[in-house]
Amino acid sequence: MSDDTNPFESLQSQIDDAAAYLDIGDDVIERLKHPERVLETNLTIERDDGDLERFTAFRSQFNGDRGPYKGGIRYHPQVSRDEVKALSGWMTYKTAIVDIPLGGGKGGIAVDPDDYSEAELERLTRSFAKELRPLIGEDRDVPAPDVNTGQREMNWIKDTYETLENTTEPGVITGKALDSGGSEGRVEATGRSTVIAAREAFDYLDKDLEGATVAVQGYGNAGWIAAKLIDEMGATVVAASDSSGGIYNPDGFDPVAAKDYKNETGSVVGYEESEAELTNDEVLTLDVDLLIPAALENAIDADLAEDVEADVISEAANGPLTPAADEVLEEKDVFVIPDILANAGGVTVSYFEWVQNRQRFYWAEERVNEELETVIVDAFDALVETYEEHDLENPRTAAYVVAIQRVADAFAEAGSWP
């Protein structure tokens, strides 16, 4: 695994690769490679023991040509300015590839939430919400959960915003609990789109998903949901890992039971159905039909990519492959379903939640899942059409060709002002 690959440079490299196939001026491409604005703020809260502590936080608004900025907020020690810039860019092209009327944003606080009490995290979250208040709103910027955040944090942000604005505006944020205006199907959405995209890829490649072997790196929300759903489709999950290590059983194991074990113990390591313990790198390089990287960015660099033996990769995480790794996997004919499509279920159902909030009319889970299925299948079809039409090197470039063209068209139709 490489830690020194700059994610923002990776994003810009991906845009450059796609731009070679587009009739768009270099000046417009340059505009589409940089965020419109980035907030960097220092948050100071009182710890439970009375001491003060400072945290650095960010919000990047990358592009709003197609609609309000949209994107998650993560809590992680490695959160940085370049990381949120990259993530907000990926979100811009993610919303475009699935053709929903939103732009791209991302935010985060450099913090390890495991080191703080719930009360301290609430104070930190509300402090961040106060700083975000001038920037966010259902027609301006709509945050959502990301790494180490969830319904709890989104509910706190919603309450803080509504209290300070003296209003009721559930659409200011998505990923909320159901009783606070959340949507059915939101929790499973990222994992669901990851496996829908994988299913479509297997069909396109004329491969049989029934009995296919699957390895999942990262057993958080997206990873374990993907494992559960791909198991229900008839595939066999043979390996899974989290930050503590991995488990392996060549005959497969129950992904739900493995998640229950992780909930009880804090890790999948030690799960009784496992026949061997593996490192994360070993999970990523297993000889399987489908690999689902569902942790953080840069999980696979060029060196590790040389050892990857999966036939298909569906990226549940954002940016799990470096550009150099992409080149290696392309030479090995690995079919990579890019993150901006594979994990777009999260933002798609967040969009559905936003729509429901604004209408004050809520959908049944069945409708949410049906609408999500349509969006992801249509997006995959658009990717494949472009992939074949331009005889492109890899599906990622095809996805960016589609997405960048849509953003550029919206910019051209609006005109440049001033």
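The values are calculated or read from the model by the stated rules, or taken from the named source; none is laboratory data. Nothing here was measured: the structure is a model prediction, and the numbers come from that model. Virtual Cβ from ideal backbone geometry, glycine too; neighbours counted across all protein chains shown. The accessibility values were calculated without ligands, DNA or RNA, using every heavy atom of the protein model including side chains. Shrake-Rupley method; radii C 1.70, N 1.55, O 1.52, S 1.80 Å.
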Lone qualifier among Asp17, Asp65 - being in contact with a Phe, Trp or Tyr (Cβ under 8 Å, 6 or more places away or on another chain), among the acidic types (Asp, Glu) and in a helix (DSSP H, G or I): Asp17
Residues satisfying the stated conditions in region 364-396, i.e. closer than 19 Å to Ala198 by Cβ and of a type in the set (Gly, Ala, Ser): Ala379, Ala382
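Here's the yes/no breakdown for (1) under 18 Å from the mean Cα position of the chain (by Cα); (2) buried (at least 19 other Cβ atoms within 10 Å of the Cβ); (3) under 30 Å from Gly218 (Cα atoms); (4) not assigned by the TED database to the domain that holds Asp281:
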| site | (1), (2), (3), (4) |
| --- | --- |
| Asp27 | no, no, no, yes |
| Gly64 | no, yes, no, yes |
| Arg74 | yes, yes, yes, yes |
| Gly89 | yes, yes, yes, yes |
Cβ pairs under 7 Å, 6+ apart, first in region 393-405 and closer than 16 Å to Thr92 by Cβ and hydrophobic (A, V, I, L, M, F, W, C), second open to solvent by less than 10 Å² (accessible area, probe 1.4 Å) and not in a helix (DSSP H, G or I): Ala399/Pro338; Ile404/Leu32
Yes/no for Lys94 being basic (Lys, Arg), buried (at least 24 other Cβ atoms within 10 Å of the Cβ) and under 20 Å from Ile173 (Cα atoms): yes
Which listed residue is part of a loop (DSSP other than H, G, I, E, B) and open to solvent by 40 Å² or more (accessible area, probe 1.4 Å), from Glu273, Glu282: Glu273
Region 171-198: number of residues that are assigned to a helix (DSSP H, G or I) and open to solvent by 10 Å² or more (accessible area, probe 1.4 Å): 5
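Only one of these is open to solvent by 10 Å² or more (accessible area, probe 1.4 Å) and either under 19 Å from Thr397 (Cα atoms) or touching a Lys or Arg at 6+ places or on another chain (Cβ under 9 Å) (or both): Pro255, Pro323. Name it.
Result of the check over Pro255, Pro323: Pro323.
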Failed item, numbered, when Val349 is tested on (1) within 30 Å of Asp287 (Cβ to Cβ); (2) crowded, with 19+ Cβ neighbours inside 10 Å; (3) not small (Gly, Ala, Ser): (1)
